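What follows is a short report on a single structure.
We did not get these values from a lab; they are worked out from the coordinates using the rules stated. From a predicted model like this one, the values you see are computed outputs, not experimental measurements. Positions of Cβ are generated from backbone atoms using ideal geometry, with glycine treated the same way; all protein chains shown enter the neighbour counts.
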Amino acid sequence: MAFEVFGYAFMQKGIIVGAAIAIICSLMGIFLVLRRYSLFGDALSHMAFGGISLGLFSGIYPLWTAYTVSILGALGMTKLRKSTKISGDAAIAVLLVSGFGIGVLLISATGGFSVDLFSFLFGSILLISDEDTILILTISAGVVASLALLRKKLLHFAFDEEQARVSGLNVDRLNYVFVIIAGITVITSMRLVGILLISALIVLPNITSMLLGKSFKQTVIISILISISSVVFGIVLSYYLDLAPSGTIVMISVAILVVTLCAKYLGLVGKAAPITKIIK
């Protein structure tokens, strides 16, 4: 049967959790892309690599150490950028190499890679436990609620930080809140595509949606649909072809982007809306 795959409990959990992660990655990613922080997710995932290595080294549940190290690293990066006037991309680079360096040192101290570490590096959406499923769904709901409540402030802040400051918005506090939510989103999403591919899930659907959407609402909806479609088809296709779900999900997202670019080149898709219209 073509749909027998949906009868397995591990596939049902994988698809449900994958859809939840797809939604929070799309919502968080739109603000990261608008802020030109596309590699921020990559930097946070590398900090998570250090956090997971710390957890495996110390015997603490790796996800908790990953959350702690990534959020502290993101807050430190924000403070560094604010106090020293280091540019955003340079601060992201500092975060990225620091996390990777910590991870490599701790891995060497523990005697090398383990099965658990590989599952975090490359994702293990079909192997998650019931406890992880509840945790991810709960955190995803919290991320969605937080972004919905802060939507207008984050849009103003993402488009022009200085103008937001002049208008009376507490940019410094919002910056800290923003990176905390981003850190939580990235670590939660690791179970789907892994540390090495997380930035792809955050960035690709949003880049594609910006080529198609004519307003912020349309862009967000298109991004969520692309992300969920990539996740569901990626998981199902990986099952039938015996491929890694994480890589399959990412390559489907890449394929959708390439098809969209080709369609625009051939004039089959209308002109993308300017960024000033998308954020309205």
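Footprinting exposure proxy ranking of Ser215, Ser209, fewest other C-beta atoms within 10 angstrom first, gives Ser215, Ser209.
For the residue pairs Lys214/Lys264; Lys153/Lys214; Lys13/Lys217, alpha carbon separations beyond 24 Å are given by Lys13/Lys217.
Among Val97, Val69, the ranking by other beta carbons within 10 Å of each residue's beta carbon, starting with the fewest, stands as Val97, Val69.
Applied to segment 252-261, the Karplus parametrisation 6.51 cos²θ - 1.76 cosθ + 1.60 on θ = phi - 60° returns per-residue 3J(HN,Hα) values of 5, 4, 5, 4, 5, 5, 4, 4, 4, 4 Hz, with x for Gly and Pro.
With neighbours defined as other Cβ atoms within 10 Å of a residue's Cβ, the residues Glu131, Glu161 order from fewest to most as Glu131, Glu161.
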